[in-house]
Amino acid sequence: MLSILMRAAPDPLSRYRSKRKFGHTPEPEGVIGDAGDSLSFVIQKHAASRLHYDFRLELDGVMLSWAVPKGPSYDPKEKRMAVRVEDHPISYNSFEGTIPRGQYGAGTVIIWDRGTWTAHADPKSGLTAGKLVFTLHGQKMAGMWELVRIGKPDDRQVAWLLFKKKDAYARPKQEYDIVTALPDSVITKPLGQATRAATAAGVSSRAAVAKTVPATKNDAAVKAPLPEKLGPQLATLSAGLPPAGEWSFEIKFDGYRIMSRIEKGIPRLITRGGHDWSSKMPALVREIKTLGIQSAWLDGEIVVMGANGTPSFNALQNAFDRASSQDIVYFVFDLPFFDGFDLRQVPLRDRRELLKSLLDNSQSDQVRYSADFQADPASILQSARNMNLEGLIAKRGDAPYVCARTETWLKLKCRRRQEFVIGGFTDRNADRKASEIGSLLLGVYDSERNLVSVGSVGTGWDTKTATDLKAKLVALQAKASPFSSPAKKGRWSRRAAGSERWVAPELVAEIDFAEWTEDAQIRHATFQGLRVDKAAAEVVREDAFMAAGVVPLASAMHVSTTKITNPQRVIDASTGLTKLDLVRYYESVASWMLPHLKGRPCSLVRGPDGIGGELFFQKHAEKLRIQDVKDLDPQLWPGHEPLLEVATGKAISACAQMNVIEFHTWNALVKAIGKPDRLIFDIDPGEKVAWQQVQESAQLVRSLLTELGLESWLKTSGGKGLHLVVPVTPRYGWATVKGFSQAVVEHLARVIPARFVAKSGPSNRVGKIFVDFLRNGHGATTAA
C-alpha cells in the first residue's frame, strides 16, 4: 500500500509542506532522505492547543508520524490512541523550538526522546496490514512496542493504537509512568550514560550500577548529578487498608518533614516547602556529617520524644522555641539519590535496603533508620492506637519514588488530624485585655481558593502557649473577616458569636479532632501546635480516598452504631461478601455520597435476598420505616405518597442494614423540585458494542456538550454503560430540560448514524449506542 501511495504522490512531503509557511515557522522544509545504516525514531513533546506526543519512525526517506495524545506507557495494558498524521522530513528529528501563533501546530516542541528502531518483520507489509511490531533503542524508550490500526485505511486521519509488548522492560503504570517521571527534553537534560548504554545494548545495567551502589543492584538506578532541589513524595490519606500487594508499614511520625541534601559531605536540611533550616538545627547537621556520606538526598521526619517515649509535636515546638535542637531525632525513611545515582525509579524495598546498610554502622542516636513492619495491617494500626500514635504510613515495596502526592504511600490515621488556617480568635472570658487566647477560629481553602470556616478550638494549650498565641495573632489583626461565608461567622460557639477578632490568614495550626459534622464543622478539637513548615495557602480539607480493593478502615477498626441483623448473611455469592461488608462499605464512603443525596428525593433499590435475588425500588416509606430516612412534603408530588430523603450518614447505614443495595436520586433539589439542576446522558450500548466504542462515544457526547458551552463529568452507570452528568442552573422546567436533552441525542443520531440511534429498545441499537435522555424527565432517577 505504501508503494502505491508513493507512486500516486511522488513527493510524500507535499502534505507536510502545504500546511506550513516556512518564512513564518522555524520548522525545516526538508527533503526526502537517503537510506542509512539504521532507522531513526524521535518522540517530540508538542505543547500545542492540546499537549500531545508526536511519535515518528523513519522509513523510505521520511518520518512516518502519529500524534499520541497521552504519550507512551510502559504498561502493556495501556493502549494509547495514536492518530496517523502527515509524513515529516528526517531533518525534523533535530527540531526543538516554538511554532509561532497563527501557524499550523502553534506551540512549543521539545525532543522528548530519540534513537533508532528495528522492525520485527517487513515494515511496509506491516503498514499495509495495519500491524507494526518493532524494538526501540532510545534514552527513554526501550524494548518491543506495537502499532495496530483500528480505523479505516482511507480515513483522513487514521486511528491506531500504540502499546508496549510484554518483555523485561514492561512495568505497570501505577509503578512507573514514564511521561510523568521523565518530562524533559533529552537534548537539554540527557539521561545518564549507564541508562543509554544499557538501553542501546538491550541489556540490564545491573552490573554497572552494582559497582557504585552495591546494595541496590537495580537497573533502574541512573547515573545523574545531584539535583539542587528535590520535592518530597507525599502520602494520600486513605479510608481503608491497602489491597493485596507488597506493602510495609512505618510509624507516622508526629513532626516536621525534612530532606537532607548532602554535597561533598556537607548536609543542608530542607523543609517540605523548600526552606533551608540548617541553621536552626546545627547539632543535627553535625550528626549527619558523621555518617560519612559524600553525596545524597535523604528523606525523613524530625521529632522530639515525649515523656511516654513516643513522638510529641508539642515537645518538638518547644525544642525550637528553646533553641535546643540536640533533643531532635531524625528518622530517615528513604534515599532517592546516592553517590552519583538517581534512585527514584529503584523499587522502595531496594532503596531502603541500601539506606539501612548506610545507617546500620552509625553510632548516632540522633539519626535513626525508620523501621517498617510486615504484619497484619489491622493489628498494627490497632497497636498504634493503643500507643496513642498518630497513625501509620503504608508503602508499596515495589514502587518508585515520585516527587508528588501518590497512592503508593497511604496515610492510615488512628484519629482525625490535619492543619487549619487561623482566621481569627476570641479572648479568654471575653476580656480583651487578658494576655491569653480564648479560642482560635479555623478554616480551610476550597477549590475556588475561598477560606471556608470549619469551627474553632479552645483547648490543648498551657498558659505560656496561650499567651504566645495571642501575641502573634494581635500582630496580625485585621478589620474584616477573611472567611468567605458570612453565614458561618457566628457558628464558632454561642459564647464566641459577636466577639470575634479577625486576623490575616497567615498562621497554620495542627488540630486533633473527633469528626467532621454533616455541615462541614469539626467537633471536639484539640490544639497541637503551629505548623511553621507549611504555607497557609496549601491548607485544604483532607478527605480520605477509597482505592479499588481497599478494605475499609471501618471493617478493621470501626464499631458501627447501627445494629446489624444477620451480619454474616452472604449478599453476593460470587465474592462471598456479607451484609456486614455492605454496611461497613457504605459507612466508609458516606462522606462522599452525602453531597449527592442531601436535599434530593431518593429511591432505594433493595435486595432482601442479595443481588442474586429479586431487587425492587422503594420510593415511599409505606409500611416499612427506615431509621433516619426522612419523609418529604407530600406536596412535592401531589397525588403520591411522600418521597424519601437520605440526608445523614446514619440514614445511609440504616438503609444498608435494611438491604439497600443502591441509592437513586432525582435530578432536582427539594427546594426547587420543578427546576432540574443537572442533566444525565446515559451512554447505553446495544449488543456487539465493544467497550472501546462506549468510551469513544462518551468522548463524542462530551465534545458536543462542550461546544454548547456545557461542562460535563463522567461516572459509571452501575450497569454496562457510562453516564455524563451536566450541572445546570435550576432555571427551566422538566419539559424544557428533557426536550433539550432529547434534541442533543437526536442530533447525534443524525450526524453520526453509524454510531448512535435516537430510539430505545434492544432491536434498534444492535451494534450501536442509544444515548438515553429519558432520565431527565420528572420523577426519573439515576444511581447516586
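For this structure, a couple of remarks:
- Accessible surface ranking for K619, K166, 1.4 angstrom probe, highest first: K166, K619.
- On a per residue basis, the chain carries 47 Å² of accessible surface, using protein heavy atoms and a 1.4 Å probe.
- In terms of accessible area, using a 1.4 Å probe and ignoring ligands and nucleic acids, K411, K738, K671 rank largest first as K671, K738, K411.
- P(r) weight above 16 Å for segment 60-102, C-alpha pairs, percent: 57
- In sequence order, calculated HN-Hα J values of segment 638-646 (Karplus, 6.51, -1.76, 1.60; Hz; x Gly/Pro): x, x, 10, 5, x, 6, 10, 10, 10
- Taking amide H as placed 1.01 Å from N in the peptide plane, the amide H of Q139 sits under 5 Å from that of R114, each at least 5 places away or on another chain.
- Mean residue ellipticity, 222 nm, helices only, the chain: the sum of -39500 (n - 2.57) across DSSP H runs of n ≥ 4, divided by residue count and rounded to 500, is -6000 deg cm²/dmol.
- Segment 230-288: C-alpha gyration tensor shape, a/c 1.5 cut-off, then a/b vs b/c: prolate
- Value of D in µm² per second that Stokes-Einstein yields for the chain, Kirkwood Rh from Cα pairs, at 4 °C (1.567 mPa s): 42
- Among the listed pairs K411/K470; K77/K152; K79/K579; K715/K759, those beyond 27 Å (Cα-Cα): K411/K470; K79/K579
- For G71, nonlocal amide neighbours, meaning residues 5 or more places apart or on other chains whose placed amide H falls under 5 Å from its own, are Y53.
- Couplings for segment 450-464, taken from phi via the Karplus curve 6.51 cos²θ - 1.76 cosθ + 1.60 with θ = phi - 60°, read 9, 7, 9, 6, 10, x, 9, 9, x, 8, x, 10, 9, 4, 5 Hz in order; Gly and Pro are left as x.
- Couplings 3J(HN,Hα) for segment 416-426, derived from phi with the Karplus relation 6.51 cos²θ - 1.76 cosθ + 1.60 (θ = phi - 60°), are 6, 6, 6, 8, 9, 7, 8, x, x, 7, 10 Hz, where x marks Gly and Pro.
- For F337, the residues whose amide H sits under 5 Å from its own are W297, L343, ignoring neighbours fewer than 5 places away on the same chain, with H placed 1.01 Å from N.
- Annotation: I752 carries an accessible surface of approximately 50 Å², with a 1.4 Å probe and no ligand, DNA or RNA atoms counted.
- D_trans [Stokes-Einstein, Kirkwood Rh over alpha-carbon pairs] for segment 268-311, 25 °C, 0.890 mPa s, µm² s⁻¹: 203
- One way to sum up the overall shape of segment 1-129 is the equivalent ellipsoid from its Cα gyration tensor, whose semi-axes run 22, 20, 14 Å, largest first.
- Segment 630-678 shape via C-alpha gyration tensor axes, a/c threshold 1.5: prolate
- Full-stretch length increase - S94, N450 - with 0.36 nm per residue and alpha-carbon distance subtracted: 123.5 nm
- Here the label points at Q693 and D631, each 7 Å from Cα along the C-beta direction, are separated by 4.9 nm in the simple model.
- If you sort R523, R351, R17 by accessible surface, 1.4 Å probe, largest first, the order is R523, R17, R351.
- Using only alpha-carbon positions in segment 643-784, the gyration tensor eigenvalues give semi-axes of 27, 19, 13 Å once each is multiplied by 5 and square-rooted (largest first).
The values are calculated or read from the model by the stated rules, or taken from the named source; none is laboratory data. These numbers were taken from a predicted model, which means no experiment stands behind them. Counting neighbours? That spans all protein chains shown, and the Cβs are built from the backbone with ideal geometry, glycine included. Note: accessible area is taken over every heavy atom of the protein model, side chains too, but ligands, DNA and RNA are not part of it. Shrake-Rupley method; radii C 1.70, N 1.55, O 1.52, S 1.80 Å.
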